[in-house]
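Everything below concerns the one structure shown next.
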Amino acid sequence: MKMDNIIQCDDQTYDIDIIIKVFERNMKQSVCSVHRYENVTNNTVYRIDTKLKSYIFKIYRSGWPEEGKLLFIDKKLTEHEIPHAKIFVYNRDNKEFTNGYLIEECLPGTTADRITMSNNQTIELFRKLGYLVCRYTK
């Protein structure tokens, strides 16, 4: 798939062709489409669609997160059977994306910045989050 598309984001420029090349090299799947998520702070994020499923391709703008942190969190979520997006690739040592990149599964649903909740729904969400934090920190 050829896309002559350069994305300028803050002080960094990303060539969609490079993103596709890195994705296809790692995932051994052909890309059908690439869509950039707007209004994402700290990183540049794309949804990559293949014939089989969709993925998230995240390019970090800084050295964050710390080495090993994401894989540690992923491991703990899996150990405690907490549903989460599976990480397929996490690379902090790459010439194309010097601050690192991540490929993970794209989960269905609405992003948190687009959710409108009533006061009761907000209280229920925080009750559930509090339960989960309490349950797994003992």
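The values are calculated or read from the model by the stated rules, or taken from the named source; none is laboratory data. These numbers come from a predicted model, not from an experiment. All Cβ positions, glycine included, derive from the backbone under ideal geometry; neighbour counts span all protein chains shown. These accessible areas exclude ligands, DNA and RNA; they are computed on the full protein's heavy atoms, side chains included. Shrake-Rupley method; radii C 1.70, N 1.55, O 1.52, S 1.80 Å.
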Original post:
Tell me, in nm to one decimal, what length is gained between Ser30 and Asn120 on full extension, where the rule is 0.36 nm per residue of separation less the Cα-Cα distance?
Top reply: 28.0 nm
Original post:
Quick one: net charge of Arg25's neighbours, Cβ under 15 Å, K/R +1, D/E -1?
Top reply: -2
Subject >> the chain: angle of helix 16-27 to the longest principal axis, Cα-based, in degrees nearest 10 >> reply: 70
Original post:
Once the Cα atoms of helix 119-136 and of the chain are each reduced to a long axis, what angle between those two axes, in degrees from 0 to 90 to the nearest 10, is obtained?
Top reply: 90
**OP:** Could you tell me what % of all Cα pairs in the stretch 16-109 have separations over 17 Å?
**Re:** 51
Original post:
For Val133 and Thr110 in the same chain, what is the full-extension length gain: residue separation times 0.36 nm, less their Cα-Cα distance, in nm?
Top reply: 6.0 nm
Original post:
Given +1 on the Cβ of Lys and Arg, -1 on the Cβ of Asp and Glu, and no further charges, what dipole in debye does the stretch 16-109 carry about its Cα centre, rounded to the nearest 20?
Top reply: 180
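How large a share of the accessible area of the stretch 16-109, in percent, is made up of carbon and sulfur atoms when the probe is 1.4 Å and the other protein chains stay in place?
Carbon and sulfur: 52 percent of the exposed surface of the stretch 16-109.
Using DSSP to define loop residues, name the trypsin sites (Lys or Arg not before Pro) in the stretch 89-127 whose beta-carbon has at most 11 other beta-carbon atoms within 10 Å.
Lys95
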Subject >> Accessible area (Å², per residue) of the chain, counting only protein heavy atoms and a probe of 1.4 Å >> reply: 69
